[in-house]
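J.: After the structure tokens below, expect a handful of questions from me.
The values are calculated or read from the model by the stated rules, or taken from the named source; none is laboratory data. None of the values given here were measured: they were computed from a predicted structure. When we count neighbours, we look across all protein chains shown, and the Cβ atoms used for this are built from the backbone with ideal geometry, even at glycine.
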Amino acid sequence: MQRFSSDGVEIAFVDEGEGDPILLIHGFGSNLGVNWRATGWIDVLKRDRRRVIAFDVRGHGESSKPHDGAAYRMTMLSQDAQNLLDHLGLPEVDVMGYSMGARIGAWLALEHASSARSLILGGMGLALVEGIGGEEEIAQALEAPDIAVVKNQTGWAYRKFAEATGSDLRALAACIRVQRENVPAARLAALEMPVLVAVGEHDAIAGSPEGLARLIPGAELCVIARRDHMLATGDRQFKECTLSFLRHLRTGVE
């Protein structure tokens with residue numbers, strides 16, 4: 001794992017493979033190892049002759065974990081991604097995010113449009129615009145003295161996942177309270193890079209993938225059959241849709 005300072009916050013990242021660069025941004029409570037390596041994504045993309053850059057979002061994995069909510073504004077999270085690209089001397093990359101990572105990727109594409117050659121929004125539908133809700137319940141579950149006292153089902157699931165990944169619970173609570181900044185629909189309409197929206201058929205968190213795709217000019221849609229928010233992450237259909245999308249950009253043909 002490599003590291004660099006993003007405006008004073010240490011960010012851990014990997015940079016592997018050769019070819020067209022792609023930046024991977026993981027979901028909330030996860031890390032690059034769980035979201036991208038364990039699911040086979042990094043190996044799949046490297047076999048497709050991609051240079052794969054993935055990082056642990058601040059508050060996650062091996063990156064710094066501030067406990068101050070002000071450190072998790074979406075402008076800061078997306079700036080970390082841009083700072084990493086600057087650190088590596090990469091003027092343009094394909095960008096793929098999952099769930100929270102898709103939200104960060106969308107803000108990166110909006111604030112630094114020239115950096116995003118294309119954008120893949122995994123596990124994120126219309127909730128990108130309308131929000132998900134339940135942030136305070138999740139934060140309280142993360143801050144509870146023990147998972148056994150957590151009654152909210154969604155909060156309990158996030159707490160269980162956070163414990164399984166060895167996460168800093170206070171950092172995640174601070175993050176969840178502020179990082180879900182919604183994207184105005186009018187701004188999505190201004191996106192000019194190719195966009196793929198990929199969401200599980202039974203995803204109850206992401207919101208309508210069709211609704212999001214309609215807001216983005218020319219966006220492609222991949223509904224991942226029989227998968228929910230968690231199981232879609234490493235699904236073969238998701239990988240096939242993504243590789244087809246990226247190869248089309250490379251060759252200009254299907």
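J.: Considering the stretch 43-57 alone, what residues qualify as being charged (D, E, K, R) and touching a Ser or Thr at 6+ places or on another chain (Cβ under 8 Å)? Break it down stepwise before answering.
T.: Here is the first cut: in the stretch 43-57, the ones charged (D, E, K, R) are 43, 46-51, 56.
Once the filter is applied, which keeps residues that are charged (D, E, K, R) and touching a Ser or Thr at 6+ places or on another chain (Cβ under 8 Å), the stretch 43-57 yields only Asp56.
J.: Only residues that are in a loop (DSSP other than H, G, I, E, B), over 15 Å from Asp203 (Cα atoms) and modelled with pLDDT of 95 or more: list them for the stretch 100-138, please.
T.: The one that is in a loop (DSSP other than H, G, I, E, B), over 15 Å from Asp203 (Cα atoms) and modelled with pLDDT of 95 or more: His112.
J.: Please go through the stretch 143-188 and pick out each residue that is out of contact with any helix residue (DSSP H, G or I) (no Cβ under 6 Å at 6 or more places or on another chain), aliphatic (A, V, I, L, M) and assigned to a loop (DSSP other than H, G, I, E, B).
T.: Ala144, the sole residue that qualifies.
J.: In the stretch 184-193, what residues are surrounded by 20 or more Cβ atoms within 10 Å (Cβ to Cβ) and touching a Leu at 6+ places or on another chain (Cβ under 6 Å)?
T.: Of everything in the stretch 184-193, just one residue is surrounded by 20 or more Cβ atoms within 10 Å (Cβ to Cβ) and touching a Leu at 6+ places or on another chain (Cβ under 6 Å), namely Leu188.
J.: Would you mention how many residues in the stretch 1-58 are within 25 Å of Arg177 (Cβ to Cβ), among the β-branched types (Val, Ile, Thr) and in contact with a Lys or Arg (Cβ under 6 Å, 6 or more places away or on another chain)?
T.: Qualifying residue count, the stretch 1-58: 1.
J.: Shifting gears a bit: Filter the stretch 9-65 for residues that are in a strand (DSSP E or B) and acidic (Asp, Glu); which is nearest to Ala174 (Cα to Cα)? It would help to see each step written out before you state the result.
T.: If we filter the stretch 9-65 for residues that are in a strand (DSSP E or B), which is where we start, we get 9-16, 20-25, 50-55.
Remaining after also requiring acidic (Asp, Glu): 10, 15-16, 20.
Values: Glu10: 17, Asp15: 28, Glu16: 31, Asp20: 35 Å.
Within the stretch 9-65, the match that is nearest to Ala174 (Cα to Cα) is Glu10.
J.: Sort out which residues of the stretch 195-228 are part of a loop (DSSP other than H, G, I, E, B), surrounded by 20 or more Cβ atoms within 10 Å (Cβ to Cβ) and within 17 Å of the chain's Cα centre (by Cα), and write them in order of number. I'd like the intermediate steps shown before the answer.
T.: In the first step, residues of the stretch 195-228 are kept if they are part of a loop (DSSP other than H, G, I, E, B); the result is 201-208, 216-219, 225-228.
Next, from what is left, pick out any that are surrounded by 20 or more Cβ atoms within 10 Å (Cβ to Cβ): 203, 206, 216, 227.
Within the stretch 195-228, Asp203, Ala206 meet the criteria.
J.: Identify all residues within the stretch 127-183 that are surrounded by fewer than 22 Cβ atoms within 10 Å (Cβ to Cβ), polar (S, T, N, Q) and under 16 Å from the mean Cα position of the chain (by Cα); write none if there are none.
T.: Asn182
J.: Determine which single condition Arg236 fails, assuming it passes every other condition in (1) at pLDDT 95 or above; (2) surrounded by 14 or more Cβ atoms within 10 Å (Cβ to Cβ); (3) not acidic (Asp, Glu).
T.: So Arg236 meets the others, but not (2).
J.: Quick one: what pairs do we get from the stretch 196-221, first residue touching a residue at least 24 places away in the same chain (Cβ under 8 Å), second basic (Lys, Arg), C-beta under 7 Å, 6+ apart or different chains?
T.: Gly200/Arg227; Glu201/Arg226; Glu201/Arg227; His202/Arg226; His202/Arg227
J.: Another one. Just checking, how many residues over the stretch 47-67 are among the charged types (D, E, K, R) and under 30 Å from Leu249 (Cα atoms)?
T.: Looking only at that region, the number is 6.
J.: Considering the stretch 94-116 alone, what residues qualify as being in contact with a Pro (Cβ under 8 Å, 6 or more places away or on another chain) and surrounded by fewer than 23 Cβ atoms within 10 Å (Cβ to Cβ)? Show your work before the answer.
T.: Let us first name the residues in the stretch 94-116 that are in contact with a Pro (Cβ under 8 Å, 6 or more places away or on another chain), namely 94, 114-115.
Matches in the stretch 94-116: Ser114, Ser115.
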